[in-house]
Amino acid sequence: MLVGFALPTYQSTPSLLSLNYDVLQEIISYLHAKDALNLALCCKALHELASPRISAIAHIWRPSHFRKVCAHMLGPRLPVKHLRELDIHYTAFADEGEEDESEEDEDEDEDEEGEGEGVDSENEEPDPLDVFWDFSQAHLVRDLLLQATALRRLALDRVHPLLEKEPRIGEALCAMTRLVSLDLCTVSEPTIPLISNLNRNLRRLQVAYHGFDDIMEDQPNSMPLCLSLLAPFQQLQTLILQHFDPLPEVVANPPQFPALRTLRLQYVTSAALPFVDLCPNISKFDLYMDADKPHSHRFRMPEDGRKWGSLTHLGLAALRDVHPIQNRLKIIDRVQIAGRPLQQPERPITSYDHAKIATFFDLLCVTSPVSLALSVAVGWTPVTFWEEVPTLAPRLRILSVRIELMSLSEQNESWLDTVPDALRALPLLYLHIDLPKTKSVRKLFPPALNPETSAEEIRQQYAAAARIE
């Protein structure tokens with residue numbers, strides 16, 4: 001006799017395809033490359049939606065990789081039509097011989113170091129000074145850009161030599177009507193006028209007059225020309241200028257950029273600072289002065305100029321960068337100081353050490369930030385300047401400190417203990433301390449033990465000695 005049994009019942013779960021088409025399309029728009037490929041292989045319906053995203057983003061680093069990408073993108077189905085983001089790095093124009101030699105060196109290193117310890121050749125950047133450039137593939141850049149009509153973001157290096165080799169690249173750049181973000185590196189005075197013919201709806205623009213290989217380092221920079229070319233972009237929200245070293249000159253009736261919210265001046269001289277006055281609504285300003293140029297800090301903003309009252313974020317590469325702009329600063333919510341760490345003056349105090357701490361105090365007094373990020377070096381002298389911070393920055397609520405240990409000694413081994421006491425007057429809501437990976441000096445000099453100390457007390461002392469590793 002057969003015994004019957006009931007089949008298990010399963011609750012129906014919502015399918016991905018049951019979502020609204022617009023919602024599904026929005027979700028898939030965040031996928032690219034391998035993730036989009038995996039989704040496209042699920043079923044025919046998802047394949048039609050996800051397959052365009054497989055080729056949506058391309059980052060090109062090597063000449064051989066460049067040819068493979070172009071062969072795929074310009075294939076029969078023209079995947080380049082779906083390209084949304086393209087980044088062509090300067091290493092894509094390295095000489096083939098240099099590339100082969102670097103790959104052979106990497107293979108030898110892998111053999112010596114063992115399996116799994118090699119270097120990723122796709123991401124390693126060769127030294128620009130040791131590479132010979134080859135722009136014979138400029139026609140591939142032209143073909144790629146002429147077909148990439150849906151491109152939204154483009155980063156293109158070595159613009160000047162590429163335009164000399166293939167002038168139609170400029171025509172392709174000007175034909176991109178959907179472009180909203182553009183990075184151009186190694187431009188020149190003769191080739192930079194093409195910027196004025198670009199899409200007027202650009203939201204983000206980065207222009208580097210030269211790279212770190214000194215190809216175009218000696219070219220002249222002109223503030224009037226730069227302003228005249230940027231004037232048509234009244235919807236620009238983010239502007240980044242790199243290696244801009246103009247002559248100090250007065251520009252009559254300069255254009256204003258009221259839509260600009262973020263301005264970054266990198267590796268510039270102080271003669272580029274008047275550009276900030278043309279951005280009345282700027283909220284974020286990052287300044288990285290060129291320390292290699294002796295005249296980089298020579299110019300100082302006039303005392304009678306407008307204060308930058310709309311500024312809420314200030315980023316500095318070093319404390320000395322604040323001198324040319326100090327008379328324009330007001331209260332700022334967030335201050336970030338990168339570069340060399342701030343160090344407690346040694347004994348005897350040198351004029352340089354005293355000036356550095358004084359500059360830091362003046363910056364806190366003027367800006368009174370809510371959020372402060374900086375690096376601090378701990379040397380032989382105990383860090384005591386924290387005691388002044390509550391008075392100079394009473395609004396401080398967020399503090400991020402990166403610690404660099406210059407030396408270890410019994411005199412400064414308790415530097416971390418002094419920080420809470422010094423900042424106790426501040427109602428901090430967030431405190432982040434990035435500690436170096438080093439052995440505690442307390443392990444080098446263990447605490448002295450009393451004969452009457454119990455085993456539990458000894459354990460607690462050594463646990464406390466290891467807490468700052």
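When the stretch 45-61 is examined, which residues are found to be open to solvent by less than 20 Å² (accessible area, probe 1.4 Å) and farther than 17 Å from residue 25 by Cα? Scanning the stretch 45-61 gives 58, 60.
Quick check on the stretch 171-191: of everything there that is touching a Lys or Arg at 6+ places or on another chain (Cβ under 9 Å) and among the small types (Gly, Ala, Ser), which residue is surrounded by the fewest Cβ atoms within 10 Å (Cβ to Cβ)? Here the answer is 181.
Regarding residue 203, is this residue within 23 Å of residue 290 (Cβ to Cβ) and either open to solvent by less than 10 Å² (accessible area, probe 1.4 Å) or modelled with pLDDT of 90 or more (or both)? Answer is no for this residue.
May I ask you to list pairs of residues, at least six apart or on different chains, whose Cβ atoms are under 6 Å apart, with the first in the stretch 149-166 being touching a residue at least 60 places away in the same chain (Cβ under 8 Å) and the second being assigned to a strand (DSSP E or B) and open to solvent by 10 Å² or more (accessible area, probe 1.4 Å)? As it stands, the answer is 153/85; 153/181; 155/87; 155/183; 157/185, since those pairs meet every condition given.
Here's the yes/no breakdown for (1) farther than 19 Å from residue 324 by Cβ; (2) within 19 Å of the chain's Cα centre (by Cα); (3) surrounded by fewer than 16 Cβ atoms within 10 Å (Cβ to Cβ); (4) among the charged types (D, E, K, R):
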residue: 229; (1), (2), (3), (4): yes, no, no, no
residue: 234; (1), (2), (3), (4): yes, no, yes, no
residue: 259; (1), (2), (3), (4): yes, no, yes, no
residue: 265; (1), (2), (3), (4): no, yes, no, no
residue: 270; (1), (2), (3), (4): no, no, no, no
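Can you report the number of residues in the stretch 142-164 which are of a type in the set (Lys, Arg) and within 18 Å of residue 209 (Cα to Cα)? Spell out the reasoning first.
Keep residues of the stretch 142-164 that are of a type in the set (Lys, Arg), which gives 142, 152-153, 158.
So of that shortlist, the ones also within 18 Å of residue 209 (Cα to Cα) come out as 158.
Here the count works out to 1.
Among the residues of the stretch 263-271, is any in contact with a Cys (Cβ under 8 Å, 6 or more places away or on another chain), assigned to a strand (DSSP E or B) and modelled with pLDDT of 90 or more? Yes, the stretch 263-271 contains a residue that is in contact with a Cys (Cβ under 8 Å, 6 or more places away or on another chain), assigned to a strand (DSSP E or B) and modelled with pLDDT of 90 or more. Restricting the stretch 1-43 to residues that are at pLDDT 80 or above and among the charged types (D, E, K, R) leaves a set whose member that is farthest from residue 82 (Cα to Cα) is 22. Restricted to the stretch 344-461, the set of helices (runs of 4 or more DSSP H) holding at least 1 residues that are among the hydroxyl-bearing types (Ser, Thr, Tyr), modelled with pLDDT of 85 or more and open to solvent by 60 Å² or more (accessible area, probe 1.4 Å) comprises 389-392.
The values are calculated or read from the model by the stated rules, or taken from the named source; none is laboratory data. Computed from a predicted structure; not experimentally measured. Note that each Cβ is placed from the backbone with ideal geometry, even for glycine, and that neighbours are counted across all protein chains shown. Ligands, DNA and RNA are stripped out before the accessible areas are found, and what is left, the full protein with its side chains, is counted by its heavy atoms. Shrake-Rupley method; radii C 1.70, N 1.55, O 1.52, S 1.80 Å.
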